[in-house]
Amino acid sequence: MHALTEAGIRRSLVNCSRSEAAAMTPPRDLAARDWPSLDVLGWRDARAELRGYLVHEHDGGVVGIALRAADTKMSSRRSAMCLLCHEVQTAAAVSLFTARRVGEAGRNGNTVGTYICADLDCAHRAQEVPPTARHLDEDAQAAAVAERAEGLRQRLAAFTADVLRR
Ligand SMILES: [Zn+2]
């Protein structure tokens, strides 16, 4: 994705009020990010425990989605899969997030929910060789990573389309 500024991120948020967008705490080190390799910028709000954000390029523009994490954690003895990057990890590292829909649906309390890595750092996990491909040669591993990143982009686009649907 293209590099974003703090102001650009605030402007990109589609499903929260102006005051909520103003209260958003941006991620640290924005200028130091490796933007071209990022498919999505995701982070938890350092000053609002349950808030998080996913910002990515969608339909030729930049769309930022404000999320709210469920305040109950799942057991660390079980495993769970992030439904965006498909990383399987302990259930405590995955959280149920809800996003308010845009427009009237959102004002009426309509939300979209899904299980996502609790730290919202799916972009970096999708760049790792999946466990199922670790025994393969370099080319096959690169193909597995490319497929994984493509899967993340598709699932993210579907999630965003759901939030934007009026
Ligand atoms: Zn994830």
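The values are calculated or read from the model by the stated rules, or taken from the named source; none is laboratory data. Note that the structure is a prediction, hence the values are computed from the model and not measured. Cβ placement follows ideal geometry from the backbone for every residue including glycine, while neighbour counts extend to all protein chains displayed. Side chains are part of the model used for accessible areas, which takes the heavy atoms of the whole protein and leaves out ligands, DNA and RNA. Shrake-Rupley method; radii C 1.70, N 1.55, O 1.52, S 1.80 Å.
Of note:
- In region 37-62, residue least open to solvent (accessible area, probe 1.4 Å) [restricted to those that are among the β-branched types (Val, Ile, Thr) and assigned to a strand (DSSP E or B)]: Val55
- Among the residues of region 37-55, those that are in contact (Cβ under 8 Å) with a residue 40 or more places away in the chain and hydrophobic (A, V, I, L, M, F, W, C) comprise Leu38, Val40, Leu41, Trp43, Leu54, Val55.
- When residues of region 1-36 are limited to those that are β-branched (Val, Ile, Thr) and in a loop (DSSP other than H, G, I, E, B), the one nearest to Leu54 (Cα to Cα): Val14
- Every residue from region 134-160 that is open to solvent by less than 40 Å² (accessible area, probe 1.4 Å) and among the small types (Gly, Ala, Ser): Ala140, Ala144, Ala149, Gly151, Ala157
- The residues of region 63-86 that are open to solvent by 30 Å² or more (accessible area, probe 1.4 Å), within 21 Å of Gln127 (Cα to Cα) and assigned to a strand (DSSP E or B), listed by number, are Ser79, Met81.
- Any pair with Cβ under 6 angstrom, 6 or more apart, that starts in region 56-80 at a residue that is closer than 13 Å to Leu164 by Cα and ends at one that is of a type in the set (S, T, N, Q) and open to solvent by 30 Å² or more (accessible area, probe 1.4 Å): none
- Test: residue in region 77-92 that is more than 12 Å from the ligand (Cβ to nearest atom) and under 20 Å from Leu13 (Cβ atoms): no
- For region 104-133, filtered to residues that are open to solvent by 20 Å² or more (accessible area, probe 1.4 Å) and more than 16 Å from the ligand (Cβ to nearest atom), the residue that is nearest to the chain's Cα centre (by Cα) is Thr111.
- The helices (runs of 4 or more DSSP H) located wholly in region 101-166 that include 2 or more residues which are under 23 Å from Pro27 (Cα atoms) occupy 122-125, 138-164.
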